[in-house]
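K.L.:
Shown below is the structure under consideration.
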Amino acid sequence: ADVDQRAARALAHVHGTRVLIVSHEMIGRVLLRNLLDLDPADILDRAQPNGVVYEVDAAARTLTEVRGYPGSS
């Protein structure tokens, strides 16, 4: 719950139309939970592999894996 609150506070300070956020596994899950308004239990079931780039549309609550960047498969 503490991490979730810190993630929400951090996201409140992010402004702009295109923002890049880099994180480790668990905080990445929590950030996605906040951005997509997921149930907290959902983040524990979500895989968050290393080296993955997602495009997130918070308004539409969609998540798309971006391919074609260096290091992607």
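The values are calculated or read from the model by the stated rules, or taken from the named source; none is laboratory data. Keep in mind the model is a prediction, meaning the values are calculated, not measured. Cβ: placed from backbone, ideal geometry, glycine included. Neighbour counts: every protein chain shown. Ligands, DNA and RNA are stripped out before the accessible areas are found, and what is left, the full protein with its side chains, is counted by its heavy atoms. Shrake-Rupley method; radii C 1.70, N 1.55, O 1.52, S 1.80 Å.
K.L.:
Filter the stretch 1-39 down to residues that are of a type in the set (Val, Ile, Thr) and within 22 Å of Pro49 (Cα to Cα) and give me whichever is most open to solvent (accessible area, probe 1.4 Å).
P.N.:
At the first step, the residues of the stretch 1-39 found to be of a type in the set (Val, Ile, Thr) are 3, 14, 17, 19, 21-22, 27, 30.
Among the residues that remain, those that are also within 22 Å of Pro49 (Cα to Cα) are: 3, 19, 21-22, 27, 30.
Working: Val3: 53, Val19: 76, Ile21: 79, Val22: 126, Ile27: 60, Val30: 7 Å².
Selected residue: Val22.
K.L.:
Of the conditions (1) exposed (fewer than 10 other Cβ atoms within 10 Å of the Cβ); (2) in contact with a strand residue (DSSP E or B) (Cβ under 6 Å, 6 or more places away or on another chain), Val56 satisfies every one except a single condition; which number is it?
P.N.:
Checking Val56 against (1) exposed (fewer than 10 other Cβ atoms within 10 Å of the Cβ); (2) in contact with a strand residue (DSSP E or B) (Cβ under 6 Å, 6 or more places away or on another chain), the one that fails is (1).
K.L.:
Please go through the stretch 40-52 and pick out each residue that is open to solvent by less than 50 Å² (accessible area, probe 1.4 Å) and farther than 18 Å from Gln5 by Cα.
P.N.:
In the first step, residues of the stretch 40-52 are kept if they are open to solvent by less than 50 Å² (accessible area, probe 1.4 Å); the result is 43, 48, 52.
Selection gives Gln48, Val52.
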